[in-house]
Amino acid sequence: MELMKRMLRVIRANFNSLVGSAEDPEKILEQAFLEMQENLVLLRQGVAQAIATQKRTERQAAAAQSQAEEWYRRAQLALQQGNETLAREALTKRQAYKETATALSNQIEQQNEVVVKLKQDMRSLELKIAEVKTKKDMYIARARSAEASYKLQEMLGGVSSTASQGVLERMEEKVLQIEAKSEAIAQLGGDDLEQKFASLDSTKDIDAELAAMKTQVVNQESLLPEGQENTQQQLPKTQQP
């Protein structure tokens, strides 16, 4: 059928365009699928119109057959009344309606074949559209995946291995510097803290030793006689040069 051939040409042209050009695959697939759906709508309209024409022809054939029967009845009536001329005219009319009914019946058979063929084409196109939709979604998914992979490879390819190694080395060096500074600060802070605690311990020892000496001196003074204690207290003055 010419309509089906045209649809196949459109589909083939779209897929050839997909292969032979740099257009967006998703857009081309969607456009081809949309055209198939539009053709299905046209085909359904054609089937509906063919069925309507067939029904109208069937009504016309039935009417012609009814008129042929009516003129036959009239011919009988005229013949019963002895009017052979009128009966002949009535039979002539009947013959014309019979020929019309026969021609319409033949036309109905042809139209029925057309309707059957159109319905088959419509069902085939519906199945084809369902198949194309499934493949379309699959191809679109594959196209998107391929495009994403291409962009990723392009991005990775834009950064050379030498440049990447240089960046990593600089980053490692900066990290080592930061770690060294952190360790140095921790050590300085720890030494200062240790010194403060050591100073506290040293002061504590000196205070304890001084207290012991004071106690010793007081004990010695308490053991000396009173006059001797006074003499000893005056000795520094008499021994002056």
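Please pick out the residue among Ala50, Ala13 that is small (Gly, Ala, Ser) and either modelled with pLDDT under 80 or not in a helix (DSSP H, G or I) (or both). Outline the logic, then answer.
On the way: Ala50 fails: either modelled with pLDDT under 80 or not in a helix (DSSP H, G or I) (or both).
Just a single option satisfies the conditions, and that option is Ala13.
Residue by residue, here is whether (1) part of a loop (DSSP other than H, G, I, E, B); (2) exposed (fewer than 12 other Cβ atoms within 10 Å of the Cβ) holds:
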site: Glu69; (1), (2): no, no
site: Gly82; (1), (2): yes, yes
site: Thr85; (1), (2): no, yes
site: Tyr97; (1), (2): no, no
site: Ser105; (1), (2): no, no
site: Asn112; (1), (2): no, no
site: Leu118; (1), (2): no, no
site: Lys128; (1), (2): no, no
site: Val132; (1), (2): no, no
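Search the stretch 48-67 for residues being closer than 21 Å to Val115 by Cβ and hydroxyl-bearing (Ser, Thr, Tyr), and hand back the single one that is surrounded by the fewest Cβ atoms within 10 Å (Cβ to Cβ).
This residue is Thr53.
The values are calculated or read from the model by the stated rules, or taken from the named source; none is laboratory data. In this text the structure is predicted, and so the values were computed from the model without any measurement. Please note: Cβ atoms are built from the backbone with ideal geometry, for glycine as well, and neighbour counts cover all protein chains shown.
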